[in-house]
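Asks: Provided herewith is a single structure, encoded as structure tokens, for subsequent inquiry.
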Amino acid sequence: MAIDVNAGYGHWPFYPTAPRSVADLESVLREAGVERACAYPLEAYLFPDPQDANERRLPELAASSFFLPSAVLNPTLPNVWHSLGICRQRWEVPLVRLLPSYHQYRVDAPVVDTLARELDREQVVLAVHIRAQDERAHNPIAQVPPVSFAEVSSLAERHAKLRVIAVGAYAHEIAQTARRAPLPDNLYVELSFVESEDPLSDALRVCAPERLLFGTHAPLFYPLANVYKVEHSEASSDAKRRALHQNAADLFKLM
Amino acid sequence: MGIIDVHVHHRWGGEEECPTAELERTKRLAQMSGISSILLLGAVLSIPPSPSPEQIQVSNSNTLRIMERDPDFFWGACYLNPAHSPAFIRSEARRCVEAGMLALKLWIAVKASDPRFDPVMEAAAELEVPVFIHAWYKTTGNLEQESNGADIAHLARRFPNVDIALLHLPGVKYRGVADVKDLPNVWVDTSGGQPEADIVEYAVRHLGADRLLYGSDAPGRHYGTQLGRVAGAAISAEDKEKILWRNALTLLKRERARVKPGATKEANA
């Protein structure tokens, strides 16, 4: 069984996605073999203040024993501290997500470092989403460039005690950064956009087995695709178990 | 019957030794996803996008050698470049199909709406094989000679007697499905791109499951990830069976095709 660190809940404006409720999303994920999922509000991509999306979706997610709620914040907004406080107190989010391309700031902006320091202090995990879709498939009126994986790696280096997840990177982006220097030990790599003939084996060439995380990117992706990505690999069964389950269980202290 | 993957490439594009270990790995990975046969669409990753006649011949001869090693698992398509002379296109297509190849394959050398496609289509009609053509609608802009769904539809209207497989449903997406909806001679493969939800259900609703084919685009893509798009779609088990293998058998008329012993020696004489 798998722990999914990258599930979205809510309305996605660019193409139809099936799940209409938390129960629907849980059912779709369970059918694919997912036992727990860390989910965030999809409306946060485009709402002017992602906290509105958090407040719309996190109560339902937090009430479910299947989901771990995670908040999306925009560190350039003046209310970011207030939003973080609400998300921590009301829904006990163990993970905060940033969508820098959609919210139009850089990962090396000072406000990101300030937020990173606070998350480190509170022992909250930080996820940076590289992309939500293949850029070739974007709606032409909403073309959004990807975040630089190298900048996410640098962010992790600057905050060595903060646990950082890069969500949605391509295999070549990870490999290019890893060729220049080993990836920092506190950087985790989520696998939903990693593609090659054997993505897990290729990811293991540049990432430690303890730092790979399974993500479905559901409901934007068919969840079974990323389950097969890990299961149908020539990587060792230990590496598969770590990627599918153990690493996320350790990261979020799940029994 | 296992799954048939109609969209795989090999990397053996030159005169070097056969990459045996790589082919064995390809087979192991495919079988891990329940795939029992793959259709090789040429060494497009190892030779230029608009290959010379010599490069085409070497790539096709290598495909035939791979087929000869393991004919039940490795099936082949004849890779062509419409920029070449009609005489070369005809003779190369005939050489390959008579040696056991099941289809013709075109990539990004010439757009499908270009009249230079005519000799390819005429050869396909004469040899009674389908034509597999790459297509995409890229928001970031197609390559200069890269076909889109409308190019394929234009070609299909001009040659209604030839079956065409439009490659990359996730690339042409909703517009591509609409382009070919009313063209019964166009089939669509599910290969490539990220496994974005909904597109398979949309294609089944608008084209019907009888014209869809499972493909992966390995080794650039993973058999399993690409398979999950079909296996995880909210469609009937019967429709999945059609997409995963039944339709491929129908389109490729596999029962008549076998690699002929000695065909590759003759081809390279």
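The values are calculated or read from the model by the stated rules, or taken from the named source; none is laboratory data. These numbers come from a predicted model, not from an experiment. A quick note on method: Cβ atoms are made from the backbone with ideal geometry, for glycine too, and the neighbour counts reach across all protein chains shown.
Asks: Given the residues B:Val188, B:Val204, B:Val180, B:Val200, which is the only one that is under 22 Å from B:Ala103 (Cα atoms) and either more than 15 Å from the chain's Cα centre (by Cα) or polar (S, T, N, Q) (or both)?
Replies: The match here is B:Val180.
Asks: Continuing with the same structure: Mind checking which pairs have a first residue in the stretch B:91-103 that is assigned to a strand (DSSP E or B) and a second that is at pLDDT 95 or above, Cβ under 6 Å, 6 or more apart or different chains?
Replies: B:Ala103/B:Ala77; B:Ala103/B:Val129; B:Ala103/B:Pro130; B:Ala103/B:Phe132
Asks: Can you give me the number of residues within the stretch A:60-92 that are over 23 Å from A:Ala169 (Cα atoms) and among the aliphatic types (A, V, I, L, M)?
Replies: 7
Asks: In the list A:Ala169, A:Ala239, A:Ala156, A:Ala208, which residue meets the criterion of being away from chain B (no Cβ under 11 Å), more than 28 Å from B:Val8 (Cβ to Cβ) and out of contact with any strand residue (DSSP E or B) (no Cβ under 6 Å at 6 or more places or on another chain)?
Replies: Just one listed residue meets the conditions, A:Ala208.
Asks: Would you pick out the residues in the stretch A:186-200 that are assigned to a strand (DSSP E or B) and away from chain B (no Cβ under 14 Å)?
Replies: Of everything in the stretch A:186-200, those that are assigned to a strand (DSSP E or B) and away from chain B (no Cβ under 14 Å) turn out to be A:Leu187, A:Tyr188, A:Val189.
Asks: Please give the number of the condition A:Ile174 fails out of (1) under 23 Å from A:Ala39 (Cβ atoms); (2) surrounded by 19 or more Cβ atoms within 10 Å (Cβ to Cβ); (3) not hydroxyl-bearing (Ser, Thr, Tyr).
Replies: (1)
Asks: Against the conditions (1) hydroxyl-bearing (Ser, Thr, Tyr); (2) within 14 Å of chain B (Cβ to nearest Cβ); (3) without any contact (Cβ under 8 Å) to a residue 40 or more places away in the chain; (4) closer than 29 Å to B:Thr139 by Cα, where does A:Ser233 fall short? Just the number, please.
Replies: (4)
Asks: Another one. A:Arg57 - would you say it is surrounded by fewer than 16 Cβ atoms within 10 Å (Cβ to Cβ), in contact (Cβ under 8 Å) with a residue 12 or more places away in the chain, over 18 Å from A:Leu126 (Cβ atoms) and not aliphatic (A, V, I, L, M)?
Replies: No; evaluated as a whole, the condition is false for this residue.
Asks: On the basis of being free of Cβ contacts under 8 Å to residues at least 60 places away in the same chain, crowded, with 20+ Cβ neighbours inside 10 Å, more than 29 Å from A:Pro13 (Cβ to Cβ) and touching a Phe, Trp or Tyr at 6+ places or on another chain (Cβ under 6 Å), does A:Ala243 make the cut?
Replies: For A:Ala243, the condition - free of Cβ contacts under 8 Å to residues at least 60 places away in the same chain, crowded, with 20+ Cβ neighbours inside 10 Å, more than 29 Å from A:Pro13 (Cβ to Cβ) and touching a Phe, Trp or Tyr at 6+ places or on another chain (Cβ under 6 Å) - is met.
Asks: Here is a further query. Could you grab me the full set of residues in the stretch B:190-206 that are more than 9 Å from chain A (Cβ to nearest Cβ) and more than 24 Å from B:Gly2 (Cβ to Cβ)?
Replies: Selection gives B:Arg205, B:His206.
Asks: Only one of B:Ala165, B:Ala203 is of a type outside the set (Lys, Arg), in contact with a Pro (Cβ under 7 Å, 6 or more places away or on another chain) and surrounded by 24 or more Cβ atoms within 10 Å (Cβ to Cβ); which?
Replies: B:Ala165 is the lone residue from the list that is of a type outside the set (Lys, Arg), in contact with a Pro (Cβ under 7 Å, 6 or more places away or on another chain) and surrounded by 24 or more Cβ atoms within 10 Å (Cβ to Cβ).
Asks: While we're on this one: Which of the numbered conditions does B:Thr63 fail, given that it passes all the others? Conditions: (1) modelled with pLDDT of 95 or more; (2) surrounded by fewer than 24 Cβ atoms within 10 Å (Cβ to Cβ); (3) closer than 25 Å to B:Ser91 by Cα.
Replies: The one condition B:Thr63 does not meet is (2).
Asks: Given the options B:Ile38, B:Ile4, name the one that is within 14 Å of chain A (Cβ to nearest Cβ), in a strand (DSSP E or B) and not acidic (Asp, Glu).
Replies: B:Ile38
Asks: Further question: Could you tell me which numbered condition A:Phe252 fails, if it satisfies all but one of (1) surrounded by 20 or more Cβ atoms within 10 Å (Cβ to Cβ); (2) more than 7 Å from chain B (Cβ to nearest Cβ); (3) in contact with a strand residue (DSSP E or B) (Cβ under 8 Å, 6 or more places away or on another chain)?
Replies: (1)
Asks: Looking at the stretch B:12-29, which of its residues are within 18 Å of the chain's Cα centre (by Cα), more than 10 Å from chain A (Cβ to nearest Cβ) and either buried (at least 22 other Cβ atoms within 10 Å of the Cβ) or within 15 Å of B:Gln57 (Cα to Cα) (or both)?
Replies: The answer is B:Trp12, B:Gly13.
Asks: Another question, if that's okay. Between A:Val125, A:Val144, which is of a type in the set (Val, Ile, Thr), in contact (Cβ under 8 Å) with a residue 24 or more places away in the chain, under 24 Å from A:Ala39 (Cα atoms) and crowded, with 19+ Cβ neighbours inside 10 Å?
Replies: A:Val125
Asks: Another one. For residues that are at the interface with chain B (Cβ under 7 Å from one of its Cβ atoms) and in a helix (DSSP H, G or I), scanning just the stretch A:211-225, find the one that is surrounded by the most Cβ atoms within 10 Å (Cβ to Cβ).
Replies: A:Pro223
Asks: With the structure loaded, tell me whether A:Ala181 is modelled with pLDDT under 95 and either out of contact with any Gly (no Cβ under 6 Å at 6 or more places or on another chain) or surrounded by fewer than 18 Cβ atoms within 10 Å (Cβ to Cβ) (or both) or whether it fails that test.
Replies: Taking the combined requirement at face value, the residue satisfies it.
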